[in-house]
């Protein structure tokens, strides 16, 4: 069984792509981030709610503050990566829904009037968009290093606000020396897929 | 700024790909699902926890039960799709961690001893894997129709167990006539990306 996707693209996005822990000094430009976003923005979300928000941590001062919020094992690589992005979910995404879902603008009020509904929806769909973003980083020929090990409350307070929940921090750049360990095993399809 | 990914692959996975609401009768085989899984299993998750589990709803009896749990607007397409998959998060994913993370097998006990920690982690990383799966469906030349509109408690009770939380239901097949409305707008990069 062969896929429609070109094997080189399969390798670039999944088979050869790896989470990087070291990077070269080559900068990651705003133009690259824009190209990544302009590709992955088309990935589907529920009601096209598109809750992902991206904070690029570029200034040395901001980078130092972020590194201070990271788990110890994530600090050196977050300090050294050419670019670091905070991926967050906008819990007030419903404000944009009438524009994002023009054929059903009342979804904002019918389904998402309550913050208790919006928060888990933003988290689920934001995580999906974070995955699309990681694929997009790889599509740009770069490596991503997504991390959950940080003080989420501190990152939210320091870089976001009460309406934006941090999902992960992602180092971005070209892989450097010894960028990863050996590939960890994956579950077989037989362990993951069942049929009823 | 051009991406490393071939433009045809960009179109297949993101630019031309669309959420389908109608499908042809062409079956989706187990071999296709295996090929999709064997590609997207390499997408990254935190600690390689890989919490996604997939239930293929193939028997007419099971399909009828699932359709009964769907929101009214999702019933006809879920009844008609060549294949329907329930994507779920395994909240007991830590049992596999010593095998999935051989360089740090103690992660199971150090980080994931508590169900209160595992559930949100399985949900976040399961959502990322669901996104990889949707990309994989497209990589197979098929269209996906992911849906959140269903009775989650009923689907969990009927098709899963208390350790597995449904994330979404996905219709899969080749797009049929009038498979989608016009493309809904996306947020501009300037609305999503900020720099500090």
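The values are calculated or read from the model by the stated rules, or taken from the named source; none is laboratory data. Not measured: the values here are computed from a predicted model. As a convention, Cβ positions derive from the backbone with ideal geometry for all residues, glycine included, and neighbour counts pool all protein chains shown.
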Restricting the stretch B:1-10 to residues that are farther than 19 Å from residue B:134 by Cβ and facing another protein chain (nearest Cβ under 7 Å), the one surrounded by the most Cβ atoms within 10 Å (Cβ to Cβ) turns out to be B:3
Checking residue A:55 against (1) crowded, with 20+ Cβ neighbours inside 10 Å; (2) in a helix (DSSP H, G or I); (3) at the interface with chain B (Cβ under 7 Å from one of its Cβ atoms), which single condition isn't satisfied?
(2)
Inspect the stretch B:33-52 for any residue being closer than 23 Å to residue B:151 by Cβ and either part of a helix (DSSP H, G or I) or at pLDDT 95 or above (or both) and give the result as yes or no.
yes
Search result, residues across the stretch B:15-31 that are free of Cβ contacts under 8 Å to residues at least 40 places away in the same chain and at the interface with chain A (Cβ under 7 Å from one of its Cβ atoms):
B:15, B:31
Filter pass, residue A:63 being out of contact with any helix residue (DSSP H, G or I) (no Cβ under 8 Å at 6 or more places or on another chain), in contact (Cβ under 8 Å) with a residue 12 or more places away in the chain and not in a strand (DSSP E or B)
no
Quick one: residue B:65 ticks every box in (1) within 12 Å of chain A (Cβ to nearest Cβ); (2) within 19 Å of the chain's Cα centre (by Cα); (3) within 14 Å of residue B:150 (Cβ to Cβ) bar one, so which box is it?
(2)
Condition met for residue B:84 (in contact with a strand residue (DSSP E or B) (Cβ under 8 Å, 6 or more places away or on another chain), within 11 Å of another protein chain (Cβ to nearest Cβ) and within 21 Å of residue A:43 (Cα to Cα)):
yes
Just to be sure I understand, how many residues within the stretch B:11-21 are out of contact with any strand residue (DSSP E or B) (no Cβ under 8 Å at 6 or more places or on another chain) and surrounded by 21 or more Cβ atoms within 10 Å (Cβ to Cβ)?
3
Where in the stretch A:80-196 are there strands (runs of 3 or more DSSP E), lying wholly inside it, with at least 3 residues that are within 24 Å of residue B:93 (Cα to Cα) and modelled with pLDDT under 95?
none
Hey, among the residues in the stretch B:116-137 that are facing chain A (nearest Cβ under 8 Å) and closer than 24 Å to residue B:76 by Cβ, which one's surrounded by the most Cβ atoms within 10 Å (Cβ to Cβ)?
B:134
I need a count of the residues in the stretch B:32-43 that are within 7 Å of another protein chain (Cβ to nearest Cβ), over 21 Å from residue A:137 (Cβ atoms) and touching a residue at least 12 places away in the same chain (Cβ under 8 Å).
4
Can you tell me which condition residue B:46 does not meet? The list is (1) facing chain A (nearest Cβ under 7 Å); (2) surrounded by 22 or more Cβ atoms within 10 Å (Cβ to Cβ); (3) in contact with a strand residue (DSSP E or B) (Cβ under 8 Å, 6 or more places away or on another chain), and all the others hold.
(2)
Quick one: how many residues across the stretch A:138-164 are away from chain B (no Cβ under 11 Å) and touching a strand residue (DSSP E or B) at 6+ places or on another chain (Cβ under 7 Å)?
4
Is the stretch B:19-29 home to any residue that is farther than 17 Å from residue A:193 by Cβ, in a helix (DSSP H, G or I) and out of contact with any helix residue (DSSP H, G or I) (no Cβ under 6 Å at 6 or more places or on another chain)?
no
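Conditions tested, residue by residue: (1) touching a residue at least 60 places away in the same chain (Cβ under 8 Å); (2) farther than 24 Å from residue A:186 by Cβ.
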residue	(1), (2)
B:81	yes, yes
B:103	no, no
B:140	yes, no
B:170	yes, no
Can you find a residue that is more than 8 Å from every other protein chain (Cβ to nearest Cβ), farther than 22 Å from residue B:21 by Cα and exposed (fewer than 15 other Cβ atoms within 10 Å of the Cβ) anywhere in the stretch A:103-113?
yes
